[in-house]
Each structure stands twice: as C-alpha cells, then as structure tokens.
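Below is one structure, written out as structure tokens; comments come after it.
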C-alpha cells in the first residue's frame, strides 16, 4: 500500500521518512493552490488539475490505500480523494466545516459545544453593525480560510473594524485566492493552547498540548511569540483535551491528524479553530527528545498500524525538560543573518536548534504574521529560568541589530 500526502510541505515534509520506516511508500500530490509561503518540495508525483475523479484514478493506479492532508491547503482535496477512492477518511456530511472557519464554528455550536460569537459577511457595514451590537470590544477579524495569523486583526472600535475589513477584502490568502468575505468573532479572554492529535476509525489520541503566548504588533496585528508544551497533569488541561476530542467528533474528523487551537476561558474551553492536518512547523526529533513522542511519528503509526490508535497503545507524552519554541520577530526590514550573524543566538546556554524559513542573506520584512517571520528557535533546559533568560536575550538581540547587520554580542 502507498500513502498519498496532499501538499507535503512544512512539517509534512518529514512524513514520507516516517512512513518509510513502516514500509510504506509516499505519493506526493500537489493541489492547485498550495501555501505560497511554505518552502516545501516542489516535486510531485501527481498534480491535481481540478478533476477529482482523474486524480483519484491516478492514485488508484499507484496502489494508494490512504490519503492524508500534509498542510491546510490539502485538507479538502484529501477528503475528496479519500471519498472517491473509498479509503479511510473523514465524514462527508459537512466537509467544508474542516476548512471554512464560520462553518466550523457553526458545526461545533450545533454539536452543543461552546464557541465564540461569530458573524461572516463581505459587507463592511454589516460587520461594523454586528460588532457594535455585540457590545464587547475588541473583536477579531480574519479571513474565512487562511492560516498562520494571516490578516488576523484585533479591532477596538468601529473605525478599526471597517479598516480591517477593507484590508482583508483587498488581500489574498496564503493560498493565493482572494478573500471574498470576512469572519468577525468576539475576543476570547484566557490562555490559548493547541492540541495535536491523530485519529483512526474515529478513535482519537492526544499527542501533545502546548500553550501559546501571543503579542500585539503595530497595525492591529496579532503574532505568535512563543509556545511551550504543558503536561496533561496541569490543572484544566485534561478538560481542554476532552473538549478538543468533542470538537473533532463535531467536525467528523475520523482519520488523520488534527491541530486544534482552543482558548481556555474562565467559563471553560472555547474553540479558536481546528485544522484537519498536522500542526505547524516543528522539528519532530527535537519534540521527541523533549516530550517522548511527536505527531509525525504518531500519524505514520495511525496509517501503518491502526490498532496502535484503536487499541490505545500510542505513547502518552511527558515533558522531560522545559522546551520553548520561539518565533523570530524582526522589528524592521533587514537581512537574514548568516552563520556568523546568528553566533550569539547559538551561544545561548539553552539553545537547541535554529530553523530558517528564509535563507541567509535573503530579505527580511518587518514581522507582522507567520509568513513574514524568517524562522524559529528552540530553547530547552532543566531550569525554566534559564529558558526565560535566554528568551529575553534573544528578543534583545532582535531589537538591537540582529537583522540589520550590526554586531550582536553578549
């Protein structure tokens, strides 16, 4: 049996090797609109050109017995191909709810779960009127079907809502399509987490839970600052995980990976959004070393040996040290440092790894979202104070010339 991976970019670039370890070959499928910001492989064994039946026929000839989405851009096509091939897939009563954020909230709310007050419209007047009627500021605006904080805006007034709506409608998504409407939601107060899962035949396994820390940037943008894993034993994390599995059921996510973002409010967990694919841009080897497992390996097992999931034999993660994933944030335009330019960062006592999404010497734009970040750094130590100290030092380097070619020393 071969496994088709639709848009094997980002973290999904690690999946073919993980599948090969279990004797499974990968067929790389390229969708019509992959993420324009991911520096993934441009190679493809099959290129989808709009005809699901033709693409499914090509995969059938290649003996494909399972289809997974590599990244967000592959979610709908992976579902359609699974349905056409009759291979294990997700429910198809409401497939768009796994991609369209307004349909997603609606499906989760109709399942009886807590959701944020939400409204979608291409009309700025209607979104302003809804925001004012909500009576609670700020409100959040975002595209219906993008990712990575793309054009997510926090608006504190009717004027900011109108300006944010206009900006989103004038822009394109990470997948190159124009925004045709805008999603407005109430601002949720609390701590934000993401829960990574794998599922097989409707049985779910929690791979890991991480807490997000975000920060406001100029222009109303909201940006990932850093994230770190939290143990299942931490207060309310089990509640968070249970809510997430209910969300997966509401969205008919039965086979494959899930990346679900949840706000833990004083009243309980509330969905931010959920992706029917693996989470973001992590290095599986680093994650396994620090928590004992990773989503890529778990997904490969879910495909190759489904009983590992259905009989609940996958390992439970346990943080073994204090790990922090830090998003690189440039305060100005500049240039990506070379090896020497990052020397001071690499010398931080808790430094583990540096991953660049833009090559050294390439241009740096002022960071406003994940697409304009040039990469990330892992910090890890037995002492959380060491990690915090090094994190602050890294941010100081960024403020004082890391991306403008100035000498950075400790």
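Rule-based calculations on the coordinates, nothing more; no lab input. What you see is a predicted model, and the numbers here were worked out from it, not measured in a lab. With ideal geometry, Cβ positions are generated from the backbone for all residues, glycine too; neighbour counts draw on all protein chains shown.
Details
- Take the Cα radius of gyration of the range 182-338 and divide it by 2.2 N^0.38 Å, N being the number of residues; the result is 1.10.
- For the range 137-186 and the range 335-356, distance of Cα centres in Å: 34
- Kirkwood radius and radius of gyration were both taken over the C-alpha atoms of the range 280-410, and their ratio Rg/Rh is 1.07.
- Highest-MSF residue in the chain out of 297, 385, 180 [GNM, Cα springs under 10 Å]: 385
- The range 294-347 - convex hull of the alpha-carbon atoms, volume per residue in Å³: 161
- Remark: the range 117-186 projects, on average over all directions, an area of 3.8 nm² (convex hull of Cα atoms).
- Sequence of 67, 309 once ranked by neighbouring C-beta atoms within 10 Å, starting from the fewest: 309, 67
- Segments 335-341, 7-13 sorted - mean Cβ within 10 Å per residue, highest first: 7-13, 335-341
- The alpha carbons of the chain stretch over 56, 51, 44 Å along the principal axes, in descending order.
- Sequence-separation-based contact order of the range 1-116, relative, with Cα cut under 8 Å and 6+ spacing, percent: 27
- Length-normalised contact order of the chain in % [C-alpha pairs under 8 Å, at least 6 apart]: 14
- Estimated FRET transfer efficiency (residue 96, residue 312; beta-carbon r; R0 30 Å; 0.05): 0.45
- Across the range 214-297, the relative contact order, built from alpha-carbon pairs under 8 Å that are at least six residues apart, equals 17 percent.
- The range 1-116 shape via C-alpha gyration tensor axes, a/c threshold 1.5: prolate
- Within the chain, helix-based [θ] at 222 nm, where runs of 4 or more DSSP H residues each add -39,500 (n - 2.57), nearest 500: -8500 deg cm²/dmol
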